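First comes the structure, then the notes that go with it.
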Amino acid sequence: MAPNPASARKVIAFTRLGMLLSLGAIGLGISLSLGMGPAWANCPPRREPLPNLGPGDSGSDVRRLQGILALLGFYQGPADGTYDTALANAVRLFQETQKLDPSGEVTAETWDALLPNPNCRPPARPDR
């Protein structure tokens with residue numbers, strides 16, 4: 001019996017959601033209300049500012065960014081903690097889907113879209 005494509009997509013989405021939860025990338029509230037909640041533009045800003053990141057940066061914050069973008073389907077490179085051209089392109093693609101300035105650099109606005117408030121909707125995924 002062939003797998004149902006819609007069911008397969010739901011399993012993949014559920015698995016990715018579990019990974020995001022385990023990484024602390026999103027809160028449990030978002031998993032309970034996928035597709036619900038206030039409009040994305042009305043989400044309050046993050047309490048703790050995360051560092052601005054761009055090409056040439058490296059370290060654990062870059063590795064975290066790589067992992068989140070990979071789980072969301074935007075980045076296929078290694079999670080090596082190096083902000084290279086491939087990561088900058090993935091950030092640009094994510095920014096475009098979120099209607100942000102596609103600079104390829106991560107600022108507070110991009111972090112807020114990547115790590116939303118649990119009462120807000122998750123970021124959109126790229127079309128496949």
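Remarks
- Positive minus negative residues near Ser58 (Lys, Arg vs Asp, Glu; Cβ under 10 Å): -3
- Each residue was assigned an accessible area with a 1.4 Å probe, and for Arg63 the value is about 110 Å².
- When the residues Ser58, Ser103 are ordered by accessible surface, computed with a 1.4 Å probe over the protein chains alone, the sequence from largest down reads Ser58, Ser103.
- Taking every protein chain into account, the 1.4 Å probe leaves Asp84 with about 50 Å² of accessible area, to the nearest ten.
The values are calculated or read from the model by the stated rules, or taken from the named source; none is laboratory data. Remember, predicted model here, so these are calculated numbers, not experimental data. Note: ideal-geometry Cβ built from the backbone for every residue, glycine included; neighbour counts use all protein chains shown. Ligands, DNA and RNA are stripped out before the accessible areas are found, and what is left, the full protein with its side chains, is counted by its heavy atoms. Shrake-Rupley method; radii C 1.70, N 1.55, O 1.52, S 1.80 Å.
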